[in-house]
Amino acid sequence: MIKDFKYLSPKTLKEALTMLDKHQDDYKIIAGGQSLLILMRQGLVAPEYLIDIYGIPELNYIKSDGKKGLKIGALTTHRDIENSGMVKGVFQVLAEMEHRLASIQTRNRGTIGGNICHGDPAGDPAPVLMALGARLKLSNAKRDRIVSMDDFSVDYFETLLEPGEILTEIQLPALPLRSGAAYTKFNIIESDMATVSVASWIAIDEAGRCQDVRIALGAAAAKPLRVKKAEAVLKDKSVTDALLKKAGVAASEEAEPVTDINASEEYRRDLLKVLVPRVVNEALSRAKA
Ligand SMILES: Cc1cc2nc3c(=O)[nH]c(=O)nc-3n(C[C@H](O)[C@H](O)[C@H](O)COP(=O)(O)OP(=O)(O)OC[C@H]3O[C@@H](n4cnc5c(N)ncnc54)[C@H](O)[C@@H]3O)c2cc1C
């Protein structure tokens, strides 16, 4: 049963930040409620104040940053990102990831900001945003700060967010020519959370050699994880099947998966050996296209 709480519904970001500042010790932000309400119903979270930011229109947008990058307001729903003409094309991988996240009903209500702030290591958006080099704007009543998506999750369901802070914006840098990105998740039930997931972005030079690469994993550690040893296997090389296989092995060794009701640690490591080469190879094909 949900414990009683005081409900506050600010209409502007400034109003919300003032409320957060005032109730620093015992509030919870609610956006789409798709993750938080489950925890509240289970009695795992019982805040005195529930601060509902869903009705703040200034945090709901997808716009160009003027340099062919993208800025996404934290309250943008999964469904809006999935269907956005600005996302399809250069940031197609983001739309593809959203298409596989939950059901349409959940995507209609759940926000990308809420997903990241929930801090579930199996969440779909985080590995893709890491692969795309995303940065996050965190705001409180006094200032904004920018952090890398790579650093945002610190442990199971724990993020860098401090009391009084709201994630306000996700910033995606422009992607260079001859680069491509891909994502997949392995799950038994379609639209369910990932057993493991893999996202990759790769940039190649005119000769087709790998100039830069990012590989990020979901559900493979206590937080979404960049596997830099696997990236090093490919960087500055002409990518061959043998190197892709080596990168898969490196990623599976670098990961820190657990055994839970969905899969054993060994099974997850085996999946990574298969999925990492497959996803990087798809990103590479897109970079060459
Ligand atoms: C049936 C079902 C299936 C699902 N399947 C998937 C799936 O396949 N893949 C997947 O990734 N997710 C899945 N989810 C999870 C869910 O879709 C996301 O976590 C959801 O997007 C969270 O967004 P929200 O707006 O509902 O956040 P809320 O539930 O409102 O909030 C989540 C957390 O983030 C905090 N928060 C929210 N917004 C902000 C902000 N802007 N700044 C600071 N803190 C904030 C809240 O305080 C809370 O702790 C599923 C959920 C359900 C119910």
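The values are calculated or read from the model by the stated rules, or taken from the named source; none is laboratory data. Just so you know, these numbers come straight off a predicted model, no measurement behind them. Don't worry about glycine lacking a Cβ; one is built from the backbone with ideal geometry, like all the others, and counts go over all protein chains shown. Please note that ligands, DNA and RNA were not included when accessible areas were found on the heavy atoms of the full protein model with its side chains. Shrake-Rupley method; radii C 1.70, N 1.55, O 1.52, S 1.80 Å.
Here are the numbers for the structure shown:
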| read-out | value |
| --- | --- |
| Residue that is acidic (Asp, Glu) and within 14 Å of the ligand (Cβ to nearest atom), where the choices are Asp124, Asp212, Asp205 | Asp124 |
| For Leu136: the one exception among (1) in contact (Cβ under 8 Å) with a residue 40 or more places away in the chain; (2) part of a strand (DSSP E or B); (3) open to solvent by less than 60 Å² (accessible area, probe 1.4 Å) | (1) |
| Test: Ala16 is within 21 Å of Thr168 (Cα to Cα), over 22 Å from the mean Cα position of the chain (by Cα), within 15 Å of the ligand (Cβ to nearest atom) and open to solvent by less than 20 Å² (accessible area, probe 1.4 Å) | yes |
| Sole residue being assigned to a helix (DSSP H, G or I), crowded, with 20+ Cβ neighbours inside 10 Å, within 11 Å of the ligand (Cβ to nearest atom) and not basic (Lys, Arg), chosen from Ile29, Ile81 | Ile81 |
| Residue check, Ala250 open to solvent by less than 30 Å² (accessible area, probe 1.4 Å), free of Cβ contacts under 8 Å to residues at least 24 places away in the same chain and of a type in the set (A, V, I, L, M) | yes |
| Scope the stretch 48-78; condition within 11 Å of the ligand (Cβ to nearest atom) and hydrophobic (A, V, I, L, M, F, W, C); matching residues | Leu50, Ile51, Ile53, Ile56, Leu59, Ala74, Leu75 |
| Residue count for the stretch 84-114, restricted to those that are away from the ligand (no atom under 12 Å from the Cβ), touching a residue at least 60 places away in the same chain (Cβ under 8 Å), open to solvent by 10 Å² or more (accessible area, probe 1.4 Å) and part of a loop (DSSP other than H, G, I, E, B) | 1 |
| Count - residues of the stretch 102-130 that are under 9 Å from the mean Cα position of the chain (by Cα) and of a type in the set (A, V, I, L, M) | 6 |
| Hits in the stretch 142-164 - residues which are more than 13 Å from Gly119 (Cβ to Cβ) and in a strand (DSSP E or B) | Asp144, Arg145, Ile146, Val147, Ser148 |
